[in-house]
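What follows is calculated from the coordinates using simple rules that are stated; it is not laboratory data. Note that the structure is predicted; figures quoted are calculated from it, not measured. Here the Cβ positions follow ideal geometry from the backbone for every residue, glycine too, while neighbour counts run over all protein chains shown.
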Amino acid sequence: MTTELNAIERSCAKYGGGLKSLALVDPADLDSQPSWYILPNIASLDFGAGKAAYVFSHDRLQGSLTGDTDTSNPGGDVFTYRLSAFIRHLRGEGDLLRNKLRNRRVHVLGTYFDGSQRFVPNMRLSAADQSGDRAGAKQGYAFTGVARLNSAAPWLQGSFDVIGGPYVPPAVPSGDGGVSIIEIATSDPTYTYNILAGYWLVGWEITGNTAQSVSLGTTALGSELGGPIDLDIGQTWVGQANMLPTGSATNIYFSGLEGANEIKLWLLG
């Protein structure tokens, strides 16, 4: 008998902690529920017509998803999953989502930085909006949630639909000593990307649909790696040969973005 291990090739690569993205799925939006209690892996999510998941990517997200084996239950061991996530920025759509979560359970899909996707069904969530208590503090929504399952939560193997268009699991470096191209689409004025430990940034491209003045730095709103560069509509900024230390994960920050932008990163690992 052959035993298949989930994404075993990832065990040889270095990846940062935390969540790459967080998606929330209303069970009522699925035409059929995945068999999470039978299969270790889920092939896809079967959304109804016009339905999709809410997703938060790592440029707005800070959080963790943990799963413990609880041996204290008199009826037998259970798996307890806990979500703790902070979503930056208070927005109207965030409050609409909170209203939808009232008195309900939702499926939670956490994508890790190695690209694997943990699917936790029927989690009860609470969300607190926070203004911050001082200048410079982060404002946003603090999500917490708990789910208890009779078996370990499965992994999702494919892509899924999200509000605003199809979602492809975040690209990650290959870890095999070659160059990986990371493709990013964003409409935010700033974008943060976490370069994992063990990888060099060797080049980038930025192309937008609006005239803009763009910078790339190692600090928020900084320009340590270049900029500000004035770009016309559809013009591409090509940067190269700026390598960062590989001993630990490093954030890089794109700022001054206008409209919709396509970003490509070349990482050597």
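For the range 31-150, a simple Cβ point-charge model (Lys and Arg +1, Asp and Glu -1, everything else neutral) yields a dipole of about 400 debye relative to the Cα centre. Approximating the spin labels as points 7 Å out from Cα along Cα→Cβ, the residue 102-to-residue 146 distance works out to 2.3 nm. Relative protection proxy for 231-238, 254-261, from highest mean packing down: 254-261, 231-238 (other beta-carbon atoms within 10 angstrom). Considering the chain, its Cα convex hull presents a mean projected area of 17.4 nm². Over all projection directions, the Cα-based convex hull of the range 32-118 averages an area of 8.1 nm². In terms of packing, defined here as the mean over residues of other Cβ atoms within 10 angstrom, the peptides 80-90, 64-74, 25-35, 190-200 line up highest first as 190-200, 80-90, 25-35, 64-74. From the largest down, the range 177-222 spans 36, 22, 15 angstrom on the principal axes of its Cα atoms.
Averaging over all projection directions, the Cα-based convex hull of the range 179-268 occupies 4.8 nm² in the image plane.
For the cross-link pairs 20/138; 51/264; 51/138, the ones whose C-alpha atoms lie over 24 Å apart are 51/264; 51/138.
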